[in-house]
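The values are calculated or read from the model by the stated rules, or taken from the named source; none is laboratory data. Keep in mind the model is a prediction, meaning the values are calculated, not measured. In this analysis, Cβ positions are derived from the backbone assuming ideal geometry, glycine residues included, and neighbour counts consider all displayed protein chains. Surface accessibility is based on the protein's heavy atoms, side chains included, excluding ligands, DNA and RNA. Shrake-Rupley method; radii C 1.70, N 1.55, O 1.52, S 1.80 Å.
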Amino acid sequence: MDRIRGEFIDIIEWTDDGRDTIVWRFPRYGNEIKMGARLVVRESQVAVFVNEGRLADVYQPGTYTLSTQNMPVLSTLKGWKHGFESPFKAEVYFVTTRQFTDFKWGTQNPVILRDAEFGMVRVRAFGTFAAQVVDAAALLRELVGTDPQFRTEEVGEHLRRLIVSKLGSALGASGVPLLDLAARQDGIGQQLAKALTLELSATGIAIPRFYIENISAPPEVEAAIDTRSRMAVTGNLDDYAKLQAADAIPLAAANPGTGGDALGLGVGMALGQRIVQSTSGTAPAAVPPPLPTAPRWFIAVGGQQQGPYDESALAGQVAAGNLNRTTLVWRTGQAAWQPADQVPELASLLADVPPPLPPQG
């Protein structure tokens, strides 16, 4: 059926119904194309004639009647001086010249750079790029060969490897500090597009657009950048220890009763002095540290918990008869409730309290 159909087909054309085909070979039984056939080349296409393994002619967009008059190269190859109605054997390849913009790239392994501020750092990057055929004949010679349908996936991996190999040298040659790479991504992308186009010129492929969507540093470097930013926002304290003290304030405030009140007060006063000193330019008067907080006690009276009491309040409880040697007491730091006479801190309060009476016979 293909042979019979070939006797009637005299229009050679390609309507691209996909988005990933770069080269498509016109199917013809025995590669026999009749003299006088019509060739239709649409916009964003070129047609390449290959005769007996040799590239014959390249046709730009337009409509052509195939004859020896408009096939000068093929005529020279075949030595034809007159047009014949008999078919001649040739292959027709249609090549797409539009831009393919759906290529993605990324660094599987980090690229090591030398930065003036951070020293040697490892960065990762990813983005997109566009590829376009600018020399159909070179593409067929170098990459396509006799492939009847050459797709973007067949050349995409080669392009991505080439990009990664050029990325490190492009970033290093740019001399841009790590913190300024985001602002210079467009310029670096244009430099890479030119370098890649030059590298691929022998294959007939150009890279008209190259986009860097993100350049990221390792987590530890990003953490150092975040810390530096926080120190700048808080007024650039003397050193990182003061920043850590500032971070400890909400933690101490969230744990009252364990020295957090005193710690929060002391750190807050110290930071307040720093802020006043940095804004006024004069050193504040010396402020004594906060007084230590006395331990707070709880006692068990009639099976009920009462307190908290400081030592002076406990003396009143002794006088009232609520606290004696057998009364259970507890304060922060004790594992469990204990009788008062087993707590050394209360020995002075219970010195004048007699022991319980012995049982009466």
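Within the range 25-84, the set of residues being at pLDDT 80 or above, assigned to a strand (DSSP E or B) and charged (D, E, K, R) comprises Arg25, Arg38, Arg54, Asp57. Would a scan of the range 187-203 turn up a residue that is under 26 Å from Met120 (Cβ atoms) and touching a Ser or Thr at 6+ places or on another chain (Cβ under 6 Å)? Taking every residue of the range 187-203 in turn, at least one turns out to be under 26 Å from Met120 (Cβ atoms) and touching a Ser or Thr at 6+ places or on another chain (Cβ under 6 Å).
Here Gln185 fulfils each of the conditions (1) part of a strand (DSSP E or B); (2) without any contact (Cβ under 8 Å) to a residue 60 or more places away in the chain apart from (1). Does the range 203-215 include one or more residues that are assigned to a helix (DSSP H, G or I), open to solvent by 40 Å² or more (accessible area, probe 1.4 Å), at pLDDT 75 or above and hydroxyl-bearing (Ser, Thr, Tyr)? Looking through the range 203-215, none of the residues is assigned to a helix (DSSP H, G or I), open to solvent by 40 Å² or more (accessible area, probe 1.4 Å), at pLDDT 75 or above and hydroxyl-bearing (Ser, Thr, Tyr).
Let's see how each residue does on (1) within 22 Å of the chain's Cα centre (by Cα); (2) within 27 Å of Thr21 (Cβ to Cβ):
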| position | (1), (2) |
| --- | --- |
| Val134 | no, yes |
| Thr152 | no, yes |
| Ile163 | yes, yes |
| Leu171 | yes, no |
| Asp180 | yes, no |
| Arg184 | yes, no |
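When both residues are 6+ apart or on different chains and their Cβ atoms are under 7 Å apart, which pairs have a first residue that lies in the range 116-143 and is hydrophobic (A, V, I, L, M, F, W, C) and at pLDDT 90 or above, and a second that is surrounded by fewer than 17 Cβ atoms within 10 Å (Cβ to Cβ) and assigned to a helix (DSSP H, G or I)? Matching pairs, first to second residue: Ala138/Ala202.
Taken over the range 194-209, the criterion of being touching a helix residue (DSSP H, G or I) at 6+ places or on another chain (Cβ under 9 Å) and more than 12 Å from Gln99 (Cβ to Cβ) is satisfied by Ala195, Leu196, Glu199, Leu200, Ser201, Ala202, Thr203, Gly204.
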